[in-house]
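Quick notes on the structure that follows.
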Amino acid sequence: MAGMEFVKAVHKTMALLEALAQQKEMGVTELGECAGMHKSTVYRFLNSLKELGYVRQNAVNEKYSLTLKLFELGSYVLGRMELWEQAHPLMEQLAEQTHETVHLAVLDDGRLVYLGKFESTQALRVSMSSRIGQSAPTYCTGVGKLLLAHAPPEQVDRILAREGLKRFTEHTITDRTLLARELDSIRQRGFAFDDEEHEVGVRCVAAPVRNNQGATVAALSISIPKVRMPDEEILRYRELVTRSADEISRRIGATA
């Protein structure tokens, strides 16, 4: 029963937002008529939307209108779509060039999410559990550490508090001080390296994808069995990944 009430509440919320999207300003009575809801219900939902920042009330005529917060959300989605459209061919090219597994990942509400993946075509390849749309820990993956290194400190604290620095392998960094040093090193050298920290036998190199304001919005990586990425090969793969990440950045508006 509680579940049905929740679904109804979502429907009512969307009905109000869609009604407001059609007009510059609307009063409670007018909104109730458009959405088929009682005035008291409309008023209650509008107050919640106002607290969340999606609706504002005109102090003079007491009518309601939408804020730009929904526009910001829409722009965020469009940005992700553009990112994938521009990254897709370059990821495919990198995968074909190296025959290794390539990932594109972002932070979404503080969680690492894979936007794209091209699987290695080699018989011996990394047996990673990553899938498009799936989440993964940030502190022990190449893409995750790269994104943490460029995230605001308060966001990093929230993410790490939630994830808990669980140990996955003997190489996983589980000490906050050591991890802070690692993130600082990533910022200085410009790329992240996962040395069997999440999965045994897997090494990963990740580089930043930046937008037109220079902010890191995604991480591009290549994941390879350790036997095919000895220490002397790390910089070569770093150059390949960085070159592709820089080109994706340029295509989505980065200038440097």
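Kindly indicate whether Thr138 is touching a helix residue (DSSP H, G or I) at 6+ places or on another chain (Cβ under 6 Å) and either among the β-branched types (Val, Ile, Thr) or assigned to a strand (DSSP E or B) (or both). The answer is yes for Thr138. Among the residues of this structure, Ala161 counts as one that is surrounded by fewer than 23 Cβ atoms within 10 Å (Cβ to Cβ) and either free of Cβ contacts under 8 Å to residues at least 12 places away in the same chain or closer than 21 Å to Ile132 by Cβ (or both). Yes or no: Arg167 at pLDDT 95 or above and loosely packed, with under 13 Cβ neighbours inside 10 Å? Against the criterion (at pLDDT 95 or above and loosely packed, with under 13 Cβ neighbours inside 10 Å), Arg167 qualifies. Screening Thr141 against (1) free of Cβ contacts under 8 Å to residues at least 40 places away in the same chain; (2) under 15 Å from the mean Cα position of the chain (by Cα); (3) over 16 Å from Ala215 (Cα atoms) leaves a single unmet condition, (1). Applying the criterion of being touching a Lys or Arg at 6+ places or on another chain (Cβ under 8 Å) and in contact (Cβ under 8 Å) with a residue 12 or more places away in the chain to the residues of the range 32-49, the residue that is surrounded by the fewest Cβ atoms within 10 Å (Cβ to Cβ) is Thr41. Selection within the range 97-113: residues that are closer than 21 Å to Arg243 by Cβ and in a strand (DSSP E or B). The member of this set that is farthest from the chain's Cα centre (by Cα) is Thr101. As for the range 174-193, it holds at least one residue that is modelled with pLDDT of 95 or more, part of a strand (DSSP E or B) and in contact with a Cys (Cβ under 9 Å, 6 or more places away or on another chain).
The residue of the range 50-72 that is modelled with the lowest pLDDT, among those that are among the hydrophobic types (A, V, I, L, M, F, W, C) and surrounded by 13 or more Cβ atoms within 10 Å (Cβ to Cβ), is Leu70. Pairs are defined by a Cβ separation below 6 Å, a sequence spacing of at least 6 or placement on different chains, a first member in the range 183-204 that is without any contact (Cβ under 8 Å) to a residue 40 or more places away in the chain, and a second member that is of a type in the set (Ser, Thr, Tyr); the pairs so defined are Glu196/Thr169; Val200/Thr169. Does Pro225 count as surrounded by fewer than 21 Cβ atoms within 10 Å (Cβ to Cβ), within 18 Å of Lys117 (Cα to Cα) and in contact (Cβ under 8 Å) with a residue 40 or more places away in the chain? Spelling it out, Pro225 is indeed surrounded by fewer than 21 Cβ atoms within 10 Å (Cβ to Cβ), within 18 Å of Lys117 (Cα to Cα) and in contact (Cβ under 8 Å) with a residue 40 or more places away in the chain. Check the range 144-154 and report whether any residue there is closer than 23 Å to Arg243 by Cα, modelled with pLDDT under 95 and of a type in the set (D, E, K, R). Checked against the condition, which is being closer than 23 Å to Arg243 by Cα, modelled with pLDDT under 95 and of a type in the set (D, E, K, R), the range 144-154 yields no hits at all.
The values are calculated or read from the model by the stated rules, or taken from the named source; none is laboratory data. All figures in this text were calculated on a predicted structure; none of them were measured in a lab. Here the Cβ is made from the backbone with ideal geometry for all residues, glycine too, and neighbour counts use every protein chain on show.
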